[in-house]
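One structure below.
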């Protein structure tokens, strides 16, 4: 991150003071400084401008368990022909008349226009169209900032306002040469987000969607609401969201009409009526009180639930909110699955689906999440990295070195399209190889028996084992008499 | 996710994005290799393994931008006639050391400005006598006899002194008769012994400097979270069956950013003895060529107000309109040691590690048909907790 000189000077002096004062003492016990040096830049920033420091992308989890959990077998490369392995995922049908079916169990998480710059949004759009031409349907989620005109309108929609908006959008980014007819031909399923900010301009946003996701929260800022810093609210972004330009858009921390379970049911029924019960409805929550939240979603008229773990990314979140709140993706899936199993222990199974988000970047992680109990996963940062994201986490500023989230750096759209296509195709092949080498035909057949863990805490949080045998051995290997002080009182019945 | 892990993730995804072909090794396998062979040993600072549970559907969050989040706290028990109210759970803490005059001037100016222009009442603990202030000052007493014998004017809203012997109890009893503001007592690793007599003698608050307590303690594996947990438990035991009449626990040392303030508050701290403002002032006055005390006090004000914003944001996101409603039930940990030290539930389980072990031991005893008395069962639990 490139900070103003003054902030760096404050930081430098704080560091000097930290290393010279008795205020902060090195702790020999925990191999760390009492003064958390990773946070020193936050103190410098706060002292400089008096504002709450933001950060982009997800929390830096100290333990996300993914590397301590592995599949029993399952290789990325195999000699077996796995091309017919079924990776499909369908969402809907529990209450909706229609389903959306995709050819892979992962999709593009919600990253809205405004949070991402237009060229990045167009690259994702064109890549998913290209994949659809190749027979691979991938879901795209709009994010909470509304849809772009070509995502929800037809080319010949006859609305001059739409044509005018498209012209201005493309012109601002020198993209006039793009074939507009091709641009308006959306070939992939679109999930639109219904978030607390209600950032959309016309009903087409909801009416032309393939599915609606009611966003209650997200992993990076659970309970905080969305945020788009004013510097990123350009006039066109503002127009697309229906908000004033260059003013930070703080969407409310909660839907003003969803305060409890009954309100969620009412909202879903309202959306169902609006869409003639056709489109699937997903409810997304940040992972915290997962069992309670999933139990509420199960009892509403939703078709699917999405949980976003602690590491789940964002364009901008208050640093301390991002790092202080949430549950990691692995335990979140475990808790959600427990809630689902509990719900269906008393009734017949139906088409309810669970989607997991947060820190899922490659095929192994996708397979682990599905084996633990989710049906599909959302990926955000992985797509950004494939387009050139350098993980500097400056997404909330206009200084993104890759030109993805805002800056004058130019993104090469064609190269980005190719990379997204490769990322998805490569991940798809790896997933098929993993499932095939595990001797299964469908990815949805993966289950907890396909997983093992390498440490005690991962066992506990994932629910894969109770560790009972390890505890048992610890006692058995020792003489119980030596463990217990009151030897004479031990008697076996 | 450290820098090495970021590199692994990025290079692995770029490999796929450039070739579209399966890789030889996954991200997790690379991270595991790095953890095994690299120097990237995981940090063991237990603060970093603790998070809070946010509010979503089952409990709606508050909105810190549009709704009032209460940070006010009063210091002074029922018997204290002149209570002090702070606008946020911070009191600037001197670390039991003399504050430089220039630093003190900047802090003094900042605290006056915060009260006047931001309506934010922050306290200051220091040994100095400070005039012309509109914020509460807690004067640290280092020479007890002088205070009692000379009957000096206190000219302060509160008093602070160290308790490390029996004489401290007598001193508190004597001074309590004389002083009608809150008296805060700083304890050390002997707090178990003196807590009850101190509260009986009328202490309004207990200050625990976690760094000092750990340094003096025999248990060097102890972390600040355990210190907070243990002292809060001792205070709760004192009030067993009764309502706490206003005793506050002030935690200093190792709590120096908003994330830790919230975690410490959830573990039982009511107020944080905050030295970061002092650090900002010292950093400027000690290391800047031309440090202007107005500019430094401006920095302190800005830092405090940003921290105040953060402290409103977190409880709101947890579904509380009052900062002090956060409790350890709102916390989860991804670390067994943290769970043991501060009785925090492990994420994904809703149980502390101790409860998990207790469940196992009871099951084991039943299966093995052992006839153990409660203390033996407890012994077995402790054995498994220690021999991990």
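The values are calculated or read from the model by the stated rules, or taken from the named source; none is laboratory data. Quantities reported herein were computed from a predicted structural model and do not represent experimental measurements. No Cβ is skipped: glycine too gets one built from the backbone with ideal geometry, and neighbour counts run over all protein chains shown.
What to note about this one:
- Positions within the stretch A:454-493 being more than 19 Å from residue B:384 (Cβ to Cβ) and at pLDDT 70 or above, in sequence order: A:454, A:462, A:463, A:464
- Selection of strands (runs of 3 or more DSSP E) fully inside the stretch B:1-92 by the criterion of at least 2 residues being under 33 Å from the mean Cα position of the chain (by Cα) and within 12 Å of another protein chain (Cβ to nearest Cβ) returns B:50-52.
- Selection of helices (runs of 4 or more DSSP H) fully inside the stretch A:326-398 by the criterion of at least 3 residues being more than 12 Å from every other protein chain (Cβ to nearest Cβ) and farther than 26 Å from residue B:18 by Cα returns A:329-344.
- Among the residues making up the stretch B:342-355, those that are facing chain A (nearest Cβ under 7 Å) and without any contact (Cβ under 8 Å) to a residue 60 or more places away in the chain are B:346, B:348, B:349.
- Here residue B:243 meets each of (1) assigned to a helix (DSSP H, G or I); (2) without any contact (Cβ under 8 Å) to a residue 12 or more places away in the chain with one exception, condition (1).
- Pairs with Cβ under 8 Å, 6+ apart, first in the stretch B:60-75 and free of Cβ contacts under 8 Å to residues at least 60 places away in the same chain, second crowded, with 20+ Cβ neighbours inside 10 Å and outside any loop (DSSP other than H, G, I, E, B): B:72/B:86
- Condition check for residue A:91: at pLDDT 95 or above and either crowded, with 17+ Cβ neighbours inside 10 Å or touching a helix residue (DSSP H, G or I) at 6+ places or on another chain (Cβ under 9 Å) (or both): yes
- Subset of the stretch A:440-469 (residues that are closer than 30 Å to residue A:103 by Cβ and without any contact (Cβ under 8 Å) to a residue 60 or more places away in the chain): A:445
- One residue stands out in the stretch A:427-441 among those that are within 12 Å of residue A:106 (Cβ to Cβ) and either within 7 Å of chain B (Cβ to nearest Cβ) or at pLDDT below 95 (or both): the one that is surrounded by the fewest Cβ atoms within 10 Å (Cβ to Cβ), namely A:430.
- Checked against the criterion of being exposed (fewer than 14 other Cβ atoms within 10 Å of the Cβ) and part of a loop (DSSP other than H, G, I, E, B), the candidates B:142, B:189, B:95 yield just one match: B:142.
- In the set B:264, B:234, only one residue is within 12 Å of chain A (Cβ to nearest Cβ) and closer than 19 Å to residue B:205 by Cα; that residue is B:264.
- In the stretch A:86-101, the qualifying residues are those that are part of a strand (DSSP E or B) and closer than 21 Å to residue A:275 by Cα, and the one that is farthest from the chain's Cα centre (by Cα) is A:99.
- For the stretch A:34-79, a residue qualifies if it is facing chain B (nearest Cβ under 7 Å), under 28 Å from residue B:297 (Cβ atoms) and touching a residue at least 60 places away in the same chain (Cβ under 8 Å), and the qualifying residues are A:42, A:52.
- Residue B:344 more than 30 Å from residue B:92 (Cβ to Cβ), touching a helix residue (DSSP H, G or I) at 6+ places or on another chain (Cβ under 9 Å) and not assigned by TED's automatic domain parsing to the domain that holds residue B:256: no
- When A:114, A:135 are checked against the criterion of being on the phi > 0 side of the Ramachandran plot and surrounded by fewer than 23 Cβ atoms within 10 Å (Cβ to Cβ), a single residue qualifies: A:135.
- One residue from A:238, A:220, A:209 being touching a strand residue (DSSP E or B) at 6+ places or on another chain (Cβ under 6 Å) and part of a helix (DSSP H, G or I): A:220
- Residue selected from the stretch B:86-110 under the condition within 21 Å of residue B:283 (Cβ to Cβ) and touching a strand residue (DSSP E or B) at 6+ places or on another chain (Cβ under 6 Å), by the criterion modelled with the lowest pLDDT: B:99
- Residues in the stretch B:280-322 that are more than 30 Å from residue A:255 (Cα to Cα) and under 17 Å from the mean Cα position of the chain (by Cα): B:304 only.
- Inside the stretch B:337-352, residues that are assigned to a loop (DSSP other than H, G, I, E, B) and either over 16 Å from residue A:332 (Cβ atoms) or modelled with pLDDT of 95 or more (or both) make up a count of 5.
- Applying the condition of being more than 9 Å from chain A (Cβ to nearest Cβ) and assigned to a helix (DSSP H, G or I) to the stretch B:280-295 and asking which residue is farthest from residue B:104 (Cα to Cα) yields B:295.
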